[in-house]
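Report on the following structure.
The values are calculated or read from the model by the stated rules, or taken from the named source; none is laboratory data. Here the structure is a predicted model, which means the values were calculated and not measured. As a convention, Cβ positions derive from the backbone with ideal geometry for all residues, glycine included, and neighbour counts pool all protein chains shown.
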Amino acid sequence: MYIYLYLNIFTILFPLLLSFDKKVAFYKNWPALFPAILVNALVFMAWDAWFTDLGVWGFNEAYLTGIYLFNLPLEEVLFFITVPYACVFIYDVLNAYIPKDLLQPYAKPIALVLMLVLPLIAVFHMAQLYTSITFTALALLHLVHLRYFGTRYLGRFYLAYLVHLVPFLLVNGVLTYLPIVWYNDDYNLGLRIVSIPVEDSMYSMLMLLLTISVYEGLRQRKTVKQYASLAV
């Protein structure tokens with residue numbers, strides 16, 4: 001039963017097919033998207049392999065193909081490609097179909113709350129590695145993002161994050177309910193959204209913010225180069 005593989009296919013199928021929609025034309029952004037996904041994949045695969053070795057989480061072989069890359073199931077490696085692709089697709093679709101940046105007025109307050117609260121929780125739960133590392137990393141990435149971009153993209157990012165929670169709950173719900181991926185509660189808060197560790201919601205935000213930060217950084221650099229060439 002290759003359920004994890006089927007979940008990966010389900011995750012990317014519709015975003016991939018709809019990438020050629022005329023209004024969004026998502027395929028035109030692939031030159032910025034694929035490097036962003038690569039950066040994300042390298043970071044999270046290294047993290048994933050480390051936590052797997054530590055026993056923070058693991059995988060149920062009954063739902064896998066049995067193919068491993070870098071000591072990780074093939075499906076887990078694919079997860080770091082299919083999920084960022086689908087999430088950035090959601091981000092671009094919302095940008096195309098909702099011109100107004102609805103959450104822009106709240107972006108900085110949300111970021112400041114996250115940067116204050118998450119490290120505080122991490123400090124009091126240092127032994128819970130999934131909690132402490134994820135929460136600290138997300139707070140630091142917000143700090144870096146604000147340093148380079150301000151709140152230019154954060155409002156739209158938060159909207160995309162809220163929308164992505166629907167497929168997130170479906171996919172992660174299956175992964176953790178069966179379970180395909182199991183978690184050692186010694187390393188997390190032990191709080192679940194049904195069967196999903198609450199840390200997964202912050203882990204997903206971290207993965208999405210990293211991908212979009214690189215993605216928008218590359219697109220911004222391309223725009224600057226285009227303007228510079230026109231000015232010459």
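Looking at the stretch 25-50, which of its residues are in contact with a strand residue (DSSP E or B) (Cβ under 8 Å, 6 or more places away or on another chain) and surrounded by 18 or more Cβ atoms within 10 Å (Cβ to Cβ)?
Hits for the stretch 25-50 are Met45, Asp48.
May I ask you to list pairs of residues, at least six apart or on different chains, whose Cβ atoms are under 7 Å apart, with the first in the stretch 138-155 being under 21 Å from Lys100 (Cα atoms) and the second being of a type in the set (Val, Ile, Thr)?
Hits for this filter: Tyr153/Ile212.
With respect to the numbered conditions (1) small (Gly, Ala, Ser); (2) touching a residue at least 40 places away in the same chain (Cβ under 8 Å); (3) surrounded by 12 or more Cβ atoms within 10 Å (Cβ to Cβ), which one is the sole condition not fulfilled by Ala62?
So the condition that Ala62 fails would be (3).
Just to be sure before I move on: is Leu162 surrounded by fewer than 17 Cβ atoms within 10 Å (Cβ to Cβ) and closer than 20 Å to Ala46 by Cα in the structure I sent?
Considered against the rule, which asks whether it is surrounded by fewer than 17 Cβ atoms within 10 Å (Cβ to Cβ) and closer than 20 Å to Ala46 by Cα, Leu162 comes out as no.
In this structure, is Trp57 at pLDDT 95 or above and buried (at least 18 other Cβ atoms within 10 Å of the Cβ)?
Judged against the criteria, Trp57 is a match.
Just the residues that are assigned to a helix (DSSP H, G or I) and out of contact with any helix residue (DSSP H, G or I) (no Cβ under 6 Å at 6 or more places or on another chain), please, taken from the stretch 17-32.
If the condition is that a residue be assigned to a helix (DSSP H, G or I) and out of contact with any helix residue (DSSP H, G or I) (no Cβ under 6 Å at 6 or more places or on another chain), then Leu17, Leu18, Lys28, Asn29, Trp30, Pro31 are the ones that fit.
This table checks each residue for (1) touching a Ser or Thr at 6+ places or on another chain (Cβ under 7 Å); (2) assigned to a helix (DSSP H, G or I).
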position: Asp101; (1), (2): no, no
position: Lys108; (1), (2): yes, yes
position: Leu112; (1), (2): no, yes
position: Leu116; (1), (2): no, yes
position: Pro119; (1), (2): yes, yes
position: Ala122; (1), (2): yes, yes
position: Ala127; (1), (2): no, no
position: Tyr130; (1), (2): no, yes
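For a quick check of your reading of the model, give me the residue pairs whose first member lies in the stretch 22-50 and is without any contact (Cβ under 8 Å) to a residue 12 or more places away in the chain and farther than 15 Å from Ile133 by Cα, whose second is surrounded by 12 or more Cβ atoms within 10 Å (Cβ to Cβ) and polar (S, T, N, Q), with beta-carbon atoms closer than 6 Å and at least 6 apart or on different chains.
Cβ pairs passing all conditions: Tyr27/Ser19.
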